[in-house]
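The values are calculated or read from the model by the stated rules, or taken from the named source; none is laboratory data. Only a predicted model underlies this, so the values are computations on that prediction, with no experimental measurement involved. We place every Cβ from the backbone using ideal geometry, glycine too, and count neighbours over all the protein chains shown. To get the accessible areas, we keep the full protein, side chains included, count just its heavy atoms, and leave off ligands, DNA and RNA. Shrake-Rupley method; radii C 1.70, N 1.55, O 1.52, S 1.80 Å.
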Amino acid sequence: MSRKAANQSYQACLKDVLLWAVLGLPAVWAGLTRMLADSYTWPEVTAGLAAIGVAVALARSRPLAAMLVTAALWALSVAVRGDPTVFFLALTVMSCLAGTRMPRARPALIGLSAVAVAAAAVVPLVRWDPTSGGFVPWDLGAWFFAVTGIGLFGLVPWLAGHARHQSLALTHAGWERAERLERERRMLDEQARMRERTAIAREMHDLLGHDLSLVALRIGALEVAPGLSGDHREAAGEARRAVTGAAERLRDIVAVLGDGDAGHVDDDPTGESVGELVRRAAAAGMSVVVHGAQEEERTPGPARALVRRVVREGLTNAAKHAPGSEVRVRLAAGPDETEVTVTASAPDRPGRGVAGGYGLRELAGRVRLHGGILHAGPSDEGFTLAVRLPHVTPPATDVPGPRPVALDLALARRRARRTRLAALLVSAAAFTGASAFLLGFMVYDATTSVLPPAEFAGLRVGLAESEVAAVLPPRTRIDDPSWPEPPIPPGSRCRYYGVDPDPFGEPRLHRLCFAEGRLVGKDFLPR
């Protein structure tokens, strides 16, 4: 491991330890005081700290598992202790971190839903009071809070973190687009330079190469002319070899310059017709005949320029590689395509030209771009260059490429907006639902736990608990009041009932205390 990687690992571990200390602080405080959680024991606190440590350790590699561990820990604390404060911070922070580190929303929704369902099943089992045959006071609220709290403290922070994730993705896509545009600009510049080089290469090959071949052909004819003295014959040979060497150097330069895209360069830089090309070659000493030269006029412009290019290439190759051979050029134009053939018969003497191939390769590529077919090779008549060209160039086939960066940016923006909207809607729905439930529970609690003053006045100390139960409401109001009350009779247990069904008025209670199955005390407790 390099020093840089080791330093990064050390910093990550240090951050995790600090995060664990911060998230575990409420649990430690709960163990030291009863202000946050009543009757928490140190084994429970230790188990909670261990669970938080496991969640922090999993947060980087498995953020979903870390979030579910803290969600289960929080739901368990609400179910067992009825306390939502000790592990609230751990659930909120781990959910937000999971949203930042998770690209997909479905696993988080499924996981949090499973925890909420489990909490809904566990709370009634844990908080059931067998003596009264129902929930102990406030446990219905604990059940509701254990379920909805997963959405408030788990899902909403996850959505906030996921919105952060989408924002980072949007920023990354923007920088990626800028880098890609810069690369595309450099590629366009390079392609423009390559096209310029290819244009130079083609012009040198088509014009200079053709002219040098004809010059070499003229000098070769002069070299073998009868009646030429030895000195003049030797001078003609040196001139022919000099022209041949120049053609070789030209071929090398063309091979270097022409390594690029030639699709946008003019096919006919000289404007010479097929007849003019043949006449100039014949004037240079080549034995050449043409059949169907008039067919050139029936060929449309783009195909006609390429036909001239094919004839020029065939005459140049014949002059280079088969000097002294008979060359036949044939043109045949149909309604949809034109066929052009250049055939060089076997030469009378060995070829003195240079090795080639670049011109044919480049010509074959241009013919393919035009939708035509090229064949070059030996035949019964000698060496044949045959090309079939359609009059209409077929459209280029669309090749699937990478998705445009603008589309990626649009998708990232939509995802970020949807995530923020979902976070707001879930928060509003959870707040509205929780408020409606609390208001409904307050009304339910007040109306189902009222002991009317007339019934309270009719109760006498010493009555059997069974007789008193006949006039009592089905449930108590609270466990004990939050304000001072008279002393409770020794050895008795007390129940508290509302005086009136108003949940928003000044709280007033009736207290009944029982011991050994009899009523031992009754008190009115105003605030």
From the square roots a ≥ b ≥ c of the eigenvalues of the alpha-carbon gyration tensor of the stretch 143-198, which class results: rounded (a/c under 1.5), prolate (a/b over b/c), or oblate? prolate
Two-site label geometry, D380 and S466: point separation in nm, points 7 Å out along Cα→Cβ: 12.7 nm
Quick check on the stretch 449-521: take the gyration tensor over C-alpha atoms, sort the square-rooted eigenvalues as a ≥ b ≥ c, and tell me if it's rounded (a/c under 1.5), prolate or oblate. oblate
With a ≥ b ≥ c the root eigenvalues of the C-alpha gyration tensor of the stretch 2-113, is it rounded (a/c under 1.5), prolate (a/b larger than b/c) or oblate? oblate
May I ask you to order 332-341, 455-464 by the average number of other C-beta atoms within 10 Å around their residues, highest value first? 332-341, 455-464
For the full complex of protein chains and a 1.4 angstrom probe, list L439, L512 by accessible area with the highest value first. L439, L512
Per 0.36 nm of contour for each residue apart, how much would the distance between I373 and A192 grow if the chain were fully extended, relative to their Cα-Cα spacing? 62.4 nm
Taking a 1.4 Å probe, which of K320, K522, K15 shows the most accessible area, and what order do the others take after it? K15, K522, K320
So how far, in whole Å, is the C-alpha centre of the stretch 54-106 from the one of the stretch 490-527? 41 Å
